[in-house]
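To start, the structure itself, in structure tokens.
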């Protein structure tokens, strides 16, 4: 039986993993893979080198699903599902909503989504790996909410 609590905890934990990976790995020693996400190349393509992180993040979930299949481990299944659900949320929020790689969900009056988009825009103001801000995806600084609330 799937453990819903473990799926939720894993999903939440993945926000920390994403923040840490983004700040210290993507903006660190693997900047060469992440750079094209900040600095658009002249020969823009649909796929960026940065998209390789999708595979890097998918590997643990794939391995956990294999462990589940081989050993019938419900823990492996639940953690794998939490990672996968975070990956789906990441794709929908980051790639579809924020970067509009698929042209849907273009407008929203939701304060959280507006603050999320603003924080990401601030993150992309930095074209180098140094001095970045807002490395998470779902948890964003309160100041972006405050800015939107005071504008209303």
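Using only DSSP helix segments of four residues or longer, with each worth -39500 (n - 2.57), what per-residue ellipticity at 222 nm results for the chain after dividing by its residue count and rounding to 500?
For the chain, the value works out to -18500 deg cm²/dmol.
Would you look at the GNM of the chain, springs on alpha carbons closer than 10 Å, and say which of 32, 137, 14 moves the most?
Fluctuation is largest for 32.
Counting other beta carbons within 10 Å of each Cβ, put 147, 15, 130 in order, fewest first.
Sorted ascending by nearby Cβ count, the order is 130, 147, 15.
Running a GNM on the chain with Cα contacts under 10 Å, which residue among 46, 96, 79 ends up with the highest mean-square fluctuation?
Highest fluctuation among the options: 46.
How far is it, in nm, from the label point at residue 24 to the one at residue 51 when both lie 7 Å from their Cα along the line to the Cβ?
A separation of 2.9 nm, rounded to one decimal place.
Most fluctuating residue of 78, 108, 52 in a GNM of the chain with Cα springs under 10 Å: which is it?
Per the Cα network of the chain with a 10 Å cutoff, 108 tops the list.
At 20 °C and a viscosity of 1.002 mPa s, what translational diffusion coefficient does Stokes-Einstein give for the range 4-151, taking Rh as the Kirkwood radius over Cα pairs? Give it in µm²/s as a whole number.
Rounded to a whole number, D works out at 129 µm²/s.
Suppose the chain between residue 32 and residue 88 were pulled fully straight at 0.36 nm per residue; how much longer would it get relative to their current alpha carbon spacing?
Answer, rounded to one decimal: 17.7 nm.
Hey, could you get me the Stokes-Einstein D for the range 17-72, Kirkwood radius over alpha-carbon pairs, 10 °C and 1.306 mPa s, rounded to whole µm² s⁻¹?
123
Computed from the coordinates by the stated procedures, all read-outs in this text should not be read as laboratory data. Computed from a predicted structure; not experimentally measured. Methodologically, a virtual Cβ is constructed for each residue, glycine included, from the backbone with ideal geometry; neighbour enumeration extends over all protein chains shown.
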